[in-house]
Amino acid sequence: MTGCGEPITGTPAEISIYSPSYLLRNLMALLTGRKALLVYTGRKDGLGNRVRALLSAQELARVEDRDLYYVWSTDEYFGPRMDELWRFEGGSAVSRLTSRALLPVARYRQPKGVRITSDLRRRHLWQIHSHGLPVTWEDPAWKGGAAEGTAPAGPRPWTERLRELTPVDEIADEVRSLYDAHLRGRPYVGIQVRTHAVSHAKTIESSPVEWFANRMRQIRADHPDVPFFLSCDTPEAQEQLAGEFDGCVFLTDKGGYNTVKGVRSGLVDLYLLASSQHLIGASFSSFVEMAVFPVRRRRPLRTARPAPRRRVQPLPGAGRGPAAPRPALTPPRTSISRRDACRRGQAGGCSRPTRWSGGLSA
């Protein structure tokens, strides 16, 4: 039986973080238990903003040997819990009320521009309001000590934590199914379009559907047979692009915006975009930035921000197989080329290694 000062680890689905017993237990743990870090993600934050804040806070908590707690609101603005998307046991979810009740003893601190001092380190509880940003606190000892081997090297980039996450089975199974049925063995281009009314105003202004259509026409002029994987947040944009370009692969019946089904569909998109050989995405979108990181292999990324346009260069190794979508299979720890995956038996169904390692240049 756990004591009253011990947290309820994880967030079991049958336990509500708003129940009085859960609230009291975590308040006691935060006040009297081990030193802790509580990161507060915004109620209206999207998936990308939440994930980079949580994972960067997890790294800071690891380096500072603190228990991790996090506010991850689920309501009409955002439906799924973190553990409904990935297998995540790195911290305990708490309610907004829990965090606000602690403000008299631990005020909110900014996610960046904070230097860790001995006085700050002595404080029992740190509360960080993410404002949609990753936590990037600093300590000069991390750099100097790492070089001398006398102190921790500091937090790893949150993107490394992202690579280590394993999606829940429902998401992983759909990634495998779609990839094996339509994309395995062919280099393809990922297209990420954001036109929903709640998208960032700069995204809507600078990334219209026609910009993507023009870019896709340029690619098809040089590579007539290259397939496109579409990740659109509105059916209208998806229908417009799929209607003009044959050979498009995309999910159907993706669910409502930021619902559990909708966000899970978005994660399927994320891993399939990450496995593409060339990625074209909306500007000012944290989602497309996330799609660059789930695998270690580099791929050219172009967004719709104003820049001189260049013609598409020839596709190196055309006709050879692309890398398998490793994040949906196992957490990658080495090179994620399909050749290496086959060699290590990590990409099921590989009969021989492939040598394809290139992509369309931006």
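The values are calculated or read from the model by the stated rules, or taken from the named source; none is laboratory data. Predicted model only: the values in this text are computed from it and were never measured. All Cβ positions, even for glycine, are placed from backbone atoms using ideal geometry, and neighbour counts span all protein chains on display.
What are the residues in the range 43-71 that are within 16 Å of the chain's Cα centre (by Cα) and in a loop (DSSP other than H, G, I, E, B), if any? Please lay out each step first, then the result.
Initially, the range 43-71 is screened for residues within 16 Å of the chain's Cα centre (by Cα), giving 45-59.
Within the range 43-71, D45, G46 meet the criteria.
Determine the pairs where a residue that is under 16 Å from Q127 (Cα atoms), located within the range 60-82, has a partner that is among the acidic types (D, E) with Cβ atoms under 8 Å apart, the partner being 6 or more residues away or on another chain.
Short answer, once both residue conditions are applied: A61/D67.
Can you tell me which of (1) surrounded by 18 or more Cβ atoms within 10 Å (Cβ to Cβ); (2) not in a loop (DSSP other than H, G, I, E, B) is the one W142 doesn't meet?
The number of the failed condition is (1).
Please work out which one of (1) under 22 Å from R156 (Cβ atoms); (2) at pLDDT 95 or above is the condition D119 fails and give its number.
(1)
Restricting to the range 221-261, count the residues that are surrounded by 14 or more Cβ atoms within 10 Å (Cβ to Cβ), assigned to a loop (DSSP other than H, G, I, E, B) and hydroxyl-bearing (S, T, Y). Give the steps one after another, and end with the answer.
Quick first cut of the range 221-261, residues surrounded by 14 or more Cβ atoms within 10 Å (Cβ to Cβ) only: 223, 226-234, 237-238, 240-242, 245, 247-251, 254-255, 257-261.
Then keep just the ones that are assigned to a loop (DSSP other than H, G, I, E, B); that gives 223, 226-227, 233-234, 245, 247, 250-251, 254-255, 257-259.
Add one more test, that the residue is hydroxyl-bearing (S, T, Y), and what stays is 234, 257, 259.
Qualifying residue count, the range 221-261: 3.
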